[in-house]
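Worksheet: the structure to be examined is printed underneath.
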Amino acid sequence: MPQPRPAGVHVRTPATSANLGPGFDALGLALGLYDEADVRITGDGRVVVDIEGEGAGEVPLDASHLVVRAMRATFEAAGEPLPGLHLRCTNRIPHGRGLGSSAAAIVTGVIAATALLSGGGPAAGRLDRDRVFRLAADIEGHPDNVAPCVYGGFTVAWRGAGGWRATGVAPSPRLRPVVCIPRERLSTEQARGLLPPTVPHADAAFTAGRAALLVAAVSGHPELLLEATEDRLHEDYRRPAMPESLRIARELREHEGLAAVVSGAGPTVLVLADAGARGRAQNPPDAGDDAQISADLVDSIRERTGKDWHIRPLAIDPAGAWIET
């Protein structure tokens with residue numbers, strides 16, 4: 001006998017940063033900044049959307065909303081029509097900044113629909129993350145943001161003969177992400193449109209080597225982050241769309257010794273700092289005051305960005321998307 005559908009679900013999804021320099025369309029990191037959504041089935045067949053926070057007054061409030069579209073795709077994949085529903089979103093992930101807001105919306109929709117179709121269950125313990133990842137990556141079209149959003153932590157994603165796959169790599173506890181968020185937005189489509197159809201073999205080989213090194217740097221050797229985040233595959237090609245982001249990243253790398261990269265499609269700049277190195281340089285050996293390290297990082301970064309950029313240290317989210325019914 002099939003389980004009755006729950007009347008509603010609550011989903012939380014993290015922001016993500018993709019590429020991390022050389023890991024184009026493959027590497028991603030989940031960050032401690034979250035969108036939340038409540039989805040409740042209604043009996044009138046209508047789709048009603050309420051938005052609070054990022055995107056309020058801008059995103060559609062009907063069935064064309066990205067969360068609803070992802071829900072519809074998930075229901076259709078199960079051979080069922082989308083029921084009437086009330087979606088209430090509390091958005092904290094900035095839109096159009098390269099922090100995975102679209103991946104978060106898609107993952108939210110897939111998780112909510114999957115729970116409603118299956119009858120729900122006790123939160124993440126019943127969540128089939130592999131299935132959610134595959135469905136969400138199909139909708140998004142690339143897996144680099146979707147994987148960390150679903151699984152949390154640091155992920156490597158790819159498409160094999162059997163479809164989308166992903167694996168997690170435990171990040172070093174010394175890793176400290178800081179995001180530098182501008183006021184301006186940039187669409188993923190615009191950023192991708194600047195990429196050439198081919199790149200020189202030497203650039204591809206260089207970037208492949210750095211991507212492999214980055215996995216080692218993030219997982220256990222953060223002292224290698226500056227070299228490991230070098231890229232020749234996509235960032236410079238996107239300079240016309242975000243010259244200020246590339247200037248800031250270059251200055252942080254050259255003058256502050258910080259591993260600064262464009263986050264996803266930009267224009268946010270992500271800094272991956274080694275708290276161990278900064279602690280040895282700025283504190284007594286036995287003092288590793290994390291708050292002081294973060295404050296020092298923000299001060300160093302702000303000297304290069306100016307007042308129009310929002311500088312925010314973030315934790316690495318270890319668990320990924322979360323649901324309760």
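Read the figures in this text as sums done on the coordinates, not as results from a lab. Bear in mind that the values here come from a model prediction, so they are computed numbers and not experimental data. Cβ atoms come from the backbone with ideal geometry, glycine included; neighbour counts cover every protein chain shown.
What FRET efficiency do you get for residue 247 and residue 41 if R0 is 51 Å and r is their Cβ-Cβ distance, rounded to the nearest 0.05?
0.55
Per 0.36 nm of contour for each residue apart, how much would the distance between residue 202 and residue 187 grow if the chain were fully extended, relative to their Cα-Cα spacing?
That pair, residue 202 and residue 187, stretches by 2.5 nm at full extension.
For residue 308 paired with residue 237, estimate the spin-label separation in nm (one decimal), with each label point 7 Å from Cα along the Cα-to-Cβ line.
In this crude spin-label approximation the distance works out to 2.7 nm.
With +1 on each Lys and Arg Cβ and -1 on each Asp and Glu Cβ, how big is the dipole of segment 175-313 about its Cα centre, in debye rounded to the nearest 20?
For segment 175-313, the charge dipole is close to 420 debye.
Which of the DSSP-defined H helices in the chain satisfy a minimum axial length of 24 Å, computed from C-alpha atoms, and a minimum mean Kyte-Doolittle hydropathy of 1.6?
101-118
Can you list which of the trypsin sites (Lys or Arg not before Pro) found in segment 124-206 are DSSP loop residues with at most 10 other C-beta atoms within 10 Å?
183
Specify whether the C-alpha gyration tensor of segment 175-313 places it in the rounded, prolate or oblate class, a ≥ b ≥ c being the square roots of the eigenvalues: rounded for a/c under 1.5, otherwise prolate if a/b is larger than b/c and oblate if not. All intermediate terms of the calculation are to be shown ahead of the outcome.
On the way: a/c = 2.63, a/b = 1.39, b/c = 1.89.
Oblate is the answer for segment 175-313, as a/c is 1.5 or above yet b/c matches or exceeds a/b.
For the chain, just say rounded, prolate or oblate: build the C-alpha gyration tensor, square-root its eigenvalues into a ≥ b ≥ c, call rounded for a/c under 1.5, and beyond that prolate if a/b exceeds b/c, oblate if not.
On the way: a/c = 1.80, a/b = 1.70, b/c = 1.06.
Judged from the Cα gyration tensor, the chain comes out prolate (a/c at least 1.5, a/b above b/c).
So how do 25-38, 307-320, 142-155, 105-118 stack up, highest first, on mean other-Cβ count within 10 Å?
Working: 25-38: 22.4, 307-320: 16.5, 142-155: 28.4, 105-118: 26.7.
Top of the packing list down: 142-155, 105-118, 25-38, 307-320.
How large is the dipole of segment 53-187 about the Cα centre if only Lys and Arg carry +1 and Asp and Glu carry -1, each at its Cβ, rounded to the nearest 20 debye?
On the way: 15 positive and 11 negative charges, 95 e Å.
Using only the charged Cβ atoms, the result is roughly 460 debye.
For residue 31, which sequence-distant residues (separation of 5 or more, or a different chain) have an amide H within less than 5 Å of its own amide H, given hydrogens modelled in the peptide plane?
So residue 31 has HN proximity to 15, 16, 17, 317.
What ranking do 68, 48, 261 get, fewest neighbouring Cβ atoms within 10 angstrom at the top? Let's see the in-between values first.
Details: 68 24, 48 16, 261 29.
Ascending number of Cβ neighbours within 10 Å: 48, 68, 261.
Could you give the dipole magnitude of segment 1-120 about its Cα centre, charging the beta-carbon of Lys and Arg +1 and that of Asp and Glu -1, in debye to the nearest 20? Walk me through the intermediate numbers first.
On the way: 9 positive and 12 negative charges, 34 e Å.
My answer is approximately 160 debye.
How about segment 1-77: which trypsin sites (Lys or Arg not before Pro) there are in a DSSP loop, with at most 13 other Cβ atoms within 10 Å of their Cβ?
Numbers: sites: 12, 40, 46, 69, 72; in loops: 46.
Sparse-neighbourhood loop trypsin sites (Lys or Arg not before Pro): 46.
Label-point separation (nm) for residue 212 and residue 90, each offset 7 Å from Cα along Cα-to-Cβ?
Distance between label points: 4.6 nm.
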